[in-house]
Amino acid sequence: MSDACVIGWPVEHSRSPLIHNYWIKRHGIAGEYRREAVAPGRFEDFVRRLSEHGYVGANVTLPHKEAALALAACDDQAEAVGAANTLWLDGGALQGTNTDVEGFLANLDAAAAGWDRGLGSAMVLGAGGAARAVVFGLIARGIERIHVANRTFERAQALRERFGAAVRPIRWEERNGVLSGAGLVVNTTSLGMTGLPVLDVKLAGLADSAVVADLVYAPLQTALLAQAKRRGLRTADGLGMLLHQAVRGFSLWFGVQPQVTAELRNLLEADLRRERE
């Protein structure tokens, strides 16, 4: 039997078990994916004894992603993003990566095929961990001009220092003025999430070919995505990224490449609806 888990503090909110246990059942794997609530003071010991707990690997969520980066032998992707969200054992050695990058890119590819063809400029809203994954992915796809707007300008500047001249930091109040030249707009902030203020951006000046992505998945359709759809623009939502970022971890742990299907997405959408009721 092969088991995996998601480690967080708290961890009850995680939807990863829904995703991975769906795939485990679909592929007839003798295993289970569980939640593990592990306090920060216990994280290192828990991870170092992962196999003793019966696990072949784990996802890592807040507040442990930076600690996971320090404890595992991580790839360039995790090092660049500054966080590890996926751990696995290779010959007993703890390995780590960050799958948010491929989750973001794969979701865009699925939702807006060809989005990066001829794309000259992108706008990223926010400058936290999710923004680092998005910027890394955009640079990997050859995007040469990435404006980053953040309420704390110094954090946007820090992304330029981390990733180089492709990143153009701008002040938060400048976002709408710069937005019109972007072929891709990505919200990596929590604005628009259920219970939080909506994201105040104006999409009227975007070209008809522009794509709008929002990493928020509760609600499924944020005010930003609704505004983009009224404009007739292509969109990519946060639930798609959540699903696609789970693929590589499952493959590493169980040796099977799972598929993001309409059935799986419907399962997650139903769970989100139940939470709102």
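The values are calculated or read from the model by the stated rules, or taken from the named source; none is laboratory data. No experiment lies behind these values; they were computed from the predicted model shown. Glycine also receives a Cβ, built like all others from the backbone with ideal geometry; neighbour counts cover every protein chain displayed. Side chains are part of the model used for accessible areas, which takes the heavy atoms of the whole protein and leaves out ligands, DNA and RNA. Shrake-Rupley method; radii C 1.70, N 1.55, O 1.52, S 1.80 Å.
Worth a mention:
- Candidate set from the range 187-203 (those that are open to solvent by 10 Å² or more (accessible area, probe 1.4 Å) and of a type in the set (Val, Ile, Thr)); member that is farthest from ARG175 (Cα to Cα): THR194
- Considering residues of the range 1-33 that are among the small types (Gly, Ala, Ser) and in contact with a Phe, Trp or Tyr (Cβ under 9 Å, 6 or more places away or on another chain) only, the residue most open to solvent (accessible area, probe 1.4 Å): SER2
- Cβ-Cβ distances below 6 Å connect the following pairs, each with a first residue in the range 71-84 that is over 21 Å from PRO40 (Cβ atoms), a second residue that is of a type in the set (A, V, I, L, M, F, W, C) and buried (at least 18 other Cβ atoms within 10 Å of the Cβ), and a separation of six or more residues or different chains: GLN77/VAL101; ALA80/PHE136.
- Residue that is out of contact with any Gly (no Cβ under 8 Å at 6 or more places or on another chain) and either aliphatic (A, V, I, L, M) or modelled with pLDDT of 95 or more (or both), where the choices are ALA58, ALA84: ALA58
- Contacts under 8 angstrom Cβ, first residue in the range 223-248 being under 16 Å from GLU102 (Cβ atoms), partner outside any helix (DSSP H, G or I) and of a type in the set (Asp, Glu), 6 or more apart: ALA236/ASP214; GLY238/ASP214
- Restricted to the range 232-277, the set of helices (runs of 4 or more DSSP H) holding at least 1 residues that are open to solvent by 60 Å² or more (accessible area, probe 1.4 Å) and not aliphatic (A, V, I, L, M) comprises 247-254, 262-276.
- Given (1) open to solvent by 70 Å² or more (accessible area, probe 1.4 Å); (2) over 20 Å from the mean Cα position of the chain (by Cα); (3) within 28 Å of PHE153 (Cβ to Cβ), number of the condition GLU66 does not satisfy: (2)
- Selection within the range 35-56: residues that are under 16 Å from ALA84 (Cα atoms) and over 23 Å from the mean Cα position of the chain (by Cα). The member of this set that is surrounded by the fewest Cβ atoms within 10 Å (Cβ to Cβ) is ARG48.
- Note on the range 98-124: among residues that are assigned to a loop (DSSP other than H, G, I, E, B) and over 30 Å from ASN176 (Cβ atoms), the one that is farthest from the chain's Cα centre (by Cα) is ASN98.
- One residue alone among GLN77, GLN157, GLN95 is part of a strand (DSSP E or B), open to solvent by 30 Å² or more (accessible area, probe 1.4 Å) and among the polar types (S, T, N, Q), and that residue is GLN95.
- Filter result (within 15 Å of SER251 (Cβ to Cβ) and among the hydrophobic types (A, V, I, L, M, F, W, C)) within the range 1-29: ALA4, ILE19, TRP23, ILE24, ILE29
- Qualifying positions in the range 14-73 - touching a Lys or Arg at 6+ places or on another chain (Cβ under 9 Å) and of a type in the set (A, V, I, L, M, F, W, C): LEU71
- Candidates in the range 128-154 are the residues that are part of a helix (DSSP H, G or I) and charged (D, E, K, R); of these, the one that is least open to solvent (accessible area, probe 1.4 Å) is ARG132.
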